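Scroll down for the structure; my scribbles are underneath it.
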Amino acid sequence: MAYENLIQEVKENILYVTINREKALNALNKTTLAELADVISFAGKTDEIRGVILTGAGEKAFVAGADIKEFADYAGKQGEDLAKRGHESVFNAIENSSKPFIAAINGFALGGGLELAMACHMRIASHHAKLGLPEVTLGLIPGYGGTQRLTQLVGKGKAIELITTANMVTAEVAERIGLVNYVVPQADLISKAEEILNVIKQRAPLAVSSAIKAVIAAVNNTNGYETEINEFSKCFDTQDFKEGVTAFIEKRKPLFKGE
Ligand code: CAA
């Protein structure tokens, strides 16, 4: 499908999504969010796709936030609608996707941009990336899940410091505090994400989805242990489980079909 603000391509079972509003530092306007919602849903229901790499166009910004110009004259109710719609259709939809999402952070990841990266299951940053939640400089707070996901990733003290000061951190600091998984040169950003997804592609697809679901239940405090038991038991009823165990016994590589 052709989008106005996204470039997307499926190659070797990986969906590559590039947010393509380089002149506005890839800021998330309504159209971009609607297109992201569409592509996330497409990824979820397309068996061929085993993982998603999300990045921004150019080398300056991953995403510099929600589009400030679009909400400049909003009042409370419109702010509430903006946040709710975003949470449901994009940010929670990524986190709850059955496919692993990796954010490849190629520059500024600010406000809604860092929130988008944090909604992904993993984050890789290039050396020059800068990350932060600067909403209080606008008289706002993060509205796309940032107060929750930053706290989950880096803990209460650091999250409150970063949100209330609005200070940005370098990629190296982000890695040290657990905000990103890896920091790599810009030229290696996509290949590092591919390296991770290429390993995941060899694993049992339904088990991978179950694992993501159980971990997300842990961070969101939604009956994590119960979710783990349910997902663990579901795995026993899959063909992939039978294939995995048979392959182990026969000392060969498993051939998973996601069934
Ligand atoms: N929304 C709309 N436009 C944006 C934008 C944003 N978040 N960020 C950058 N742009 C636009 C600029 O307005 C500018 O456009 P024009 O050329 O038409 O003036 C263009 O992108 C280039 O930006 P700058 O000239 O500002 O570039 P710079 O190199 O001087 O600065 C920057 C880069 C530090 C990232 C700076 O652009 C900046 O601070 N951007 C805003 C960051 C921000 O506050 N993000 C949070 C948004 S609020 C939010 O996300 C709420 C939420 O949680 C839901």
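Pair-distance distribution of the range 105-185: all C-alpha pairs, bin width 10 Å, starting at 0; shares per bin in whole percent are 21, 61, 18, 0. Taking a point 7 Å from the Cα of residue 203 along the Cα-to-Cβ direction, the residues of the range 1-36 with backbone N closer than 19 Å to it are 13-15. Put simply, the Cα atoms of the range 50-128 extend 37, 30, 15 Å along their principal axes, the longest span coming first. All other residues whose Cβ lies under 14 angstrom from that of residue 94 are scored, Lys and Arg at +1 and Asp and Glu at -1, for a net of -1. Return the whole-Å distance between the Cα centroid of the range 197-220 and the Cα centroid of the range 68-122. A separation of 21 Å, based on Cα centres. Helix 189-200 and the long axis of the chain differ in direction by around 30°, with both axes built from C-alpha atoms. The angle separating the long axis of helix 30-45 from the principal Cα axis of greatest extent in the chain is about 10 degrees.
Per residue, the chain reaches -13500 deg cm²/dmol at 222 nm when only DSSP H runs of four or more residues are counted, each adding -39500 (n - 2.57). Size descriptors for the range 171-259: radius of gyration and Dmax over Cα atoms are 16.6, 46 Å.
Working note: Cα atoms of the chain, range along each principal axis, descending, whole Å: 62, 37, 34. Our analysis of the range 1-102 gives Rg over Rh at 0.98, with the two radii drawn from alpha carbon positions and Rh computed by the Kirkwood formula.
Rule-based calculations on the coordinates, nothing more; no lab input. From a predicted model like this one, the values you see are computed outputs, not experimental measurements. Glycine also receives a Cβ, built like all others from the backbone with ideal geometry; neighbour counts cover every protein chain displayed.
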